[in-house]
Amino acid sequence: MKIKEFLLLFVILFAGCKPDPIDLDAFAEPRIIFMVDSIVVDLNAARVPEIVSVIQAEAGLTSVTQYVIKSELSETMYESPVTSFSNVNSFSISKLIPYTEDVVGFKVEAKDKAGRIVSATLPIRVIPLRDAPTVNFRVNGIESTVVSYREGDPMPVIVINASSEDELMTFAVSKVVNRIETPILIEGKDTIKFSGQDKSYRVDLSVDGYQFEPKTTAVKVYVSAGEQSKPKIKVATLKIEFTEIPGPEVVFTGGASISANEFSNVTIAGSITAEAKIKQVKLFRKKTSGNVLLNEVNLSPTQASYPFSVQLERLTMEDQGLIVQATDGNNKTTSFTCTVQVVETAPAPTVTLNQTIDAFNGVDDGQNITLTGSISTLSGYQSVDFVVYDNTGAIIQRIPVSYSGNNITLNPTFAATKSTRKVGIEVVDINGKVTNIYRDVHVGYYYARVLMSMAGEDSKATSDTGPLPGPFFSAKNRKAMSYIEGKAAPMECDVAFHTQSTYGAVRVGNMTYARGSAKFTGHTKTGAGLDTWGTSTNYTVKTISAVNRADFDETTIDNLEALTFTGSSESPVIASGAFPNPVPANMVIGYQAQIDGQPKNVMFIYDMFDNMPADKSASTFYIKVKIQK
């Protein structure tokens, strides 16, 4: 075998071999190893031990997070999570944390590339300072370390006394709720700082209005005294045994879900009970459009139970059920819903039009517009109207359609004017169900919403959503033109679109502008870059000051015919900002094109972004265009 043939065969075989995907779950979970089973920290000693740990992960680490665990199991993140590793399979920790006497553990949590999270905790026992400040709690006048509290009971009076042989430096109080520790403000501050000779301090938490909340497990006090360079710190804990009272409960007599026919009445009954007694009840009719308050009852005195019975009259397809909302003496509010499945018995009227969506695009001023089709209903009608709207959205004319019985044949006619923008049929049946169907009308001009691409840079033929429409617009064809289409008919391409500012803007220019840009030439993929085209158009492209972008949809043929295009051609940025969210510029662009030998005014705006594939040069967007007929 010749060397060239051997190399070619090797390349083919190598290209056909793809490595099997790595199954990260096949690797063992991360392991967290502490160098000791537990540690004892003596705050009276000259030195305290470091925490040393090694984390191993066969699948590779993505993050390591550390926590200091304090009494009542409150957790505080220690430093920021580690997310960058020199060796993703192994990471070591050596920390000297700021020990206080309430520290009971140090937790390490590791996450690997398979998404698995493991954690391990090192138990810590701290021997307090012998000459630290002292703290005691008095609860309702009795010295205590534990408080038993039942939700809704009067808040006990908690007095904290702190004293020290040395001068006090700081005093702070915190609460532990659901394992999260946060400050309790004293005199509006989270920390009291002493600057005098104070050696004692007393605070009554009731003065600042402190109230236990559900899941409270502790009140903690932090006191420091002595020298700034080596403070003596005392941490004292008042354990809270909080008994939470459940909120109101609701039982529906017929169950929490029922079924009923459309337009029928349904009664929903049940009872509300609350250990802390009920003080308010609200009943709502639940609808897709929003909840409607049916009744509100304030109970005085409060009641342990409350029965209810509500009739929902004339159910519609909007109805979803009954919401019962109850508030107890602890101001705890709960909501329960009885769901109603409404069975439709009379659908909304059916309207069928024979005209396509584009049927009245480019009609003449004064031309008769006729809608043909049919309407049917099972219920009968309240009203049937042929409706004509102008370019501002106002109704020009509402013409009742005559009918007899439940089936109607449509044939209404209206003479279009320059301001006519939409015609349609609006139907309301005897049950109030509405069916509206419309057709847009464009008088004296053609309207198009066109999907364009920005494939100039790399001449992409497709994106991740299918073939690209092309970066050139043709008013004659009312569509985007690809490179191949444009090369075959260069005089039918009017303007070209491309990106700039590293995919941070969309720019448009005429075909002469495009020929001068390297973005549109040298395309070996399609073989149809602009440098291979024949003679192309050179229209004068201008921004139109007489029309705002926001008013584009309201413009008529009069606005289009009034446009003039003189002077030098422009190549404006029509949208700017990082893809896929460029912001449209407040401008309307126009030019005069030769269509079948006749000069026709054209104006367009950037409408919206469509899709940004991995290759941003194949991004797509929409423009709105009006072309003089």
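List of remarks:
- Selection from the stretch 126-142 of residues that are modelled with pLDDT under 95 and among the basic types (Lys, Arg): ARG130
- Residues that are surrounded by 13 or more Cβ atoms within 10 Å (Cβ to Cβ) and over 23 Å from LYS433 (Cβ atoms), drawn from the stretch 389-422: ASP390, ASN391, ILE396, GLN397, PHE414, ALA416, THR417, LYS418, SER419, THR420, ARG421
- Options THR302, THR327, THR333, THR316; residue that is modelled with pLDDT under 95, under 34 Å from the mean Cα position of the chain (by Cα) and in the same structural domain as ALA260 (by TED's automatic domain parsing): THR316
- Residue that is surrounded by the most Cβ atoms within 10 Å (Cβ to Cβ) [pool: residues in the stretch 71-94 that are closer than 27 Å to LYS220 by Cα and at pLDDT 90 or above]: TYR78
- Whichever residue in the stretch 235-281 is of a type in the set (Val, Ile, Thr) and part of a loop (DSSP other than H, G, I, E, B) and, among such residues, is nearest to LEU294 (Cα to Cα): THR253
- Residues satisfying the stated conditions in the stretch 572-604, i.e. buried (at least 17 other Cβ atoms within 10 Å of the Cβ) and not aliphatic (A, V, I, L, M): PHE579, PRO582, PRO584, GLY590, TYR591, GLN592, LYS600, ASN601, PHE604
- Among the residues making up the stretch 220-254, those that are acidic (Asp, Glu) and under 30 Å from PRO307 (Cβ atoms) are GLU244, GLU249.
- Residues within the stretch 482-508 that are within 36 Å of the chain's Cα centre (by Cα) and either modelled with pLDDT of 95 or more or in a strand (DSSP E or B) (or both), tallied: 9
- Residues that are under 24 Å from ALA578 (Cβ atoms) and part of a loop (DSSP other than H, G, I, E, B), drawn from the stretch 509-524: SER517
- Cβ separations smaller than 6 Å between residues 6+ apart or across chains give the following pairs from the stretch 540-565 residues that are within 20 Å of VAL495 (Cβ to Cβ) to residues that are among the small types (Gly, Ala, Ser) and in a loop (DSSP other than H, G, I, E, B): THR540/SER569; VAL541/SER569.
- Selection within the stretch 371-393 - aromatic (Phe, Trp, Tyr) and under 16 Å from VAL351 (Cβ atoms): TYR381, PHE386
- Residue within the stretch 363-375 that is crowded, with 19+ Cβ neighbours inside 10 Å and of a type in the set (D, E, K, R) present: no
- Scanning the stretch 328-335 for residues that are outside any strand (DSSP E or B) and on the phi > 0 side of the Ramachandran plot turns up at least one hit.
- Qualifying residue in the stretch 2-17 (condition: in a loop (DSSP other than H, G, I, E, B) and modelled with pLDDT under 90): yes
- Strands (runs of 3 or more DSSP E) enclosed by the stretch 47-126 - at least 3 residues per element that are closer than 18 Å to GLU29 by Cα: 51-56, 61-70, 90-95, 103-112
The values are calculated or read from the model by the stated rules, or taken from the named source; none is laboratory data. As the structure is a computational prediction, the values presented were derived from the model and not from experiment. So basically every Cβ, Gly included, is an ideal-geometry build from the backbone, and we count neighbours across all protein chains shown.
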